[in-house]
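Q: Please read through the structure below; I'll follow up with questions.
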């Protein structure tokens, strides 16, 4: 008797933080997920060291709000100095963010991933297959068929899934399988990365977070997270033109470079390794039922701390769309919005990271002096603003252009609902939200629009200024996040997408029906069907794709 081939909603290749959060987001939506990872043991050394406010909000929404404070700490001001320790620029990482809390929190990645893994293990609909390597994938109009092999015994298995996600890193096999080329944005530099754990009781006299743009040795000094109450530190040293990667790998060289800051009797080196910082962007993120996310889709220099954050944004953008598709409420045209929304956004983040990288990666004294002159004279351009969404499911005007404030990240903070106080996402819930600052929008909402929002599962909430007496159906804005934001952007009512970005907004409650109708039309145009008619796949059958390197 032939064994039945299992069919999952989603199969993922790779099991780093991007895969973990994707699996968790899908599992919390009731999806069956199988993860295949070549290595049985997790990579134990830290890589990423920070998460920004947007992703802190995402992780909190995924059930980690209680545990996050123990595995993260607030970021300090991020200051950039020339060789003489004169400030070139400063990036504010410590001020209150739009999402509540600081702009950036620092993390120790292995500790953070242990928290992710614990939450994933609590999901009975996620199956982990560690030590299994993907070797071949085929897609039909109805499913992807994946052949995997045990990396030690060479045993073969075949599984099927409605979708395959390659979260398999910068050397992604899935990216190769879908035939995606990469755009090289031209940044490349070798840096020695050293993580240090100071001895208990040791206080180091170092900048909290700094880039020392010294042409004699460009140097990064930043926090590296917390574990069990002990705080790690990270140094990064640029490889100079006359040096080899191999000589920098020696531990005695690492201590020589650390000598001005920390001595061997003050700390332990956790790891030291030379990395090549690059800027790469995949040109194709989806082919039929196969998609890529995280480093498989984009790689950037680390100077904004956005590498892992960008991958988690991929997860959060894709998860709600897959949920509608797997629910039969949308065909896979909805997934066509994944790349147009994420690729331009992460492209801008790469540009911002490269802008900063070009400031510090100058090993030539004359060029560094010219850089300093440009900053001190005010001639140097400021860092680009952090990007918003610019394409995809966003409200547009009659000319087809995205209509502000569509694409902005929505605010978040503590609210009061009657006697209950909590974070907005916990109180209002996740998914599509119609957020108004008065009851006029609710009164103006037509029956057709109410019915559409109900079918979409969208919630309708009203927010009021801090100090407003608590009453039924009103969320009081305890942290002054919503009312000032809506005032700044001229918003009476806004439609917020499940990934926290604004679909669109109106400045008059009487226009709320037009806003809702526009969303309904946009979703329908992108394959969403809420009328009960079955959604159909547009995927065609492929020849088998060999994805084993």
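Q: Hey, could you check region 444-463 for residues that are part of a loop (DSSP other than H, G, I, E, B) and touching a helix residue (DSSP H, G or I) at 6+ places or on another chain (Cβ under 7 Å) and say which is farthest from residue 431 (Cα to Cα)?
A: 446
Q: Please determine whether any residue of region 139-146 is more than 30 Å from residue 287 (Cβ to Cβ) and part of a loop (DSSP other than H, G, I, E, B).
A: The answer is no; no qualifying residue exists.
Q: Can you spot a residue in region 151-166 that is at pLDDT below 95, touching a strand residue (DSSP E or B) at 6+ places or on another chain (Cβ under 8 Å) and surrounded by fewer than 18 Cβ atoms within 10 Å (Cβ to Cβ)?
A: Within region 151-166, one or more residues are at pLDDT below 95, touching a strand residue (DSSP E or B) at 6+ places or on another chain (Cβ under 8 Å) and surrounded by fewer than 18 Cβ atoms within 10 Å (Cβ to Cβ).
Q: Considering each residue of region 409-428, count those that are in contact (Cβ under 8 Å) with a residue 12 or more places away in the chain and surrounded by fewer than 18 Cβ atoms within 10 Å (Cβ to Cβ), and give that number.
A: Count: 5.
Q: Give the residues of region 354-386 that are outside any helix (DSSP H, G or I) and in contact with a strand residue (DSSP E or B) (Cβ under 6 Å, 6 or more places away or on another chain), sorted by residue number. Full working, then the answer.
A: Going residue by residue through region 354-386, those that are outside any helix (DSSP H, G or I) are 361-364, 378-386.
Result: 361, single match.
Q: Could you list, in sequence order, the residues of region 464-490 that are over 15 Å from residue 427 (Cα atoms), more than 27 Å from the chain's Cα centre (by Cα) and in a loop (DSSP other than H, G, I, E, B)?
A: Scanning region 464-490 gives 466, 467, 468, 469, 490.
Q: Still on this model: Do we find a residue being in a loop (DSSP other than H, G, I, E, B) and surrounded by 15 or more Cβ atoms within 10 Å (Cβ to Cβ) anywhere in region 247-260? First the steps, then the outcome.
A: Taking region 247-260 as the starting set, the residues that turn out to be in a loop (DSSP other than H, G, I, E, B) are 249-250, 259-260.
Pick out the ones that are also surrounded by 15 or more Cβ atoms within 10 Å (Cβ to Cβ) and you get none.
No - not one qualifying residue is present in region 247-260.
Q: Over 20 Å from residue 62 (Cβ atoms), in contact (Cβ under 8 Å) with a residue 40 or more places away in the chain and assigned to a strand (DSSP E or B) - does that describe any residue in region 313-336?
A: Looking for residues that are over 20 Å from residue 62 (Cβ atoms), in contact (Cβ under 8 Å) with a residue 40 or more places away in the chain and assigned to a strand (DSSP E or B), one finds at least one in region 313-336, hence yes.
Q: Among the residues of region 369-389, count how many are within 18 Å of the chain's Cα centre (by Cα) and exposed (fewer than 15 other Cβ atoms within 10 Å of the Cβ).
A: Number satisfying all stated conditions: 1.
The values are calculated or read from the model by the stated rules, or taken from the named source; none is laboratory data. Everything quoted here is computed from the prediction, not taken from an experiment. Positions of Cβ are backbone-derived with ideal geometry, glycine not excepted, and every protein chain shown enters the neighbour counts.
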